[in-house]
Amino acid sequence: MLGDLTERDRAILALEVAWPRHSGAKEEIIRARLGMSAARYYQLLARLIESESALEYDPVLVRRLRRIRDSRAMRRTARLPGFVG
């Protein structure tokens, strides 16, 4: 349900939509706009993209972020020694 998203959740999603890919100084923007460390931001973002509320709020963004996450996880797994998959 959309009402489950907090103002902070919506701000995190908005920053992901607005931020150009592969651009520098994102950590500074996170601190200035949201008042949190980049590590905390990414922790919250990871939880947020798992929520149905976020998916309902911005399905295109959340699906894109999930695909990126899953792709990175697959690459990490493929680099593990002895992994056969």
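All of the numbers you see were taken from the coordinates with simple rules; none came from a lab. Note that the structure is a prediction, hence the values are computed from the model and not measured. Virtual Cβ from ideal backbone geometry, glycine too; neighbours counted across all protein chains shown.
If I stretch the segment between T6 and R66 completely, what's the gain in nm (0.36 nm per residue apart, minus their alpha carbon distance), one decimal? Working shown, then result.
Details: separation 60, 0.36 × 60 = 21.60 nm, distance 2.01 nm.
Full-extension gain reported as 19.6 nm.
Taking the highest mean first, how do the peptides 28-36, 40-48, 70-78 order by number of other beta carbon atoms within 10 angstrom per residue?
40-48, 28-36, 70-78
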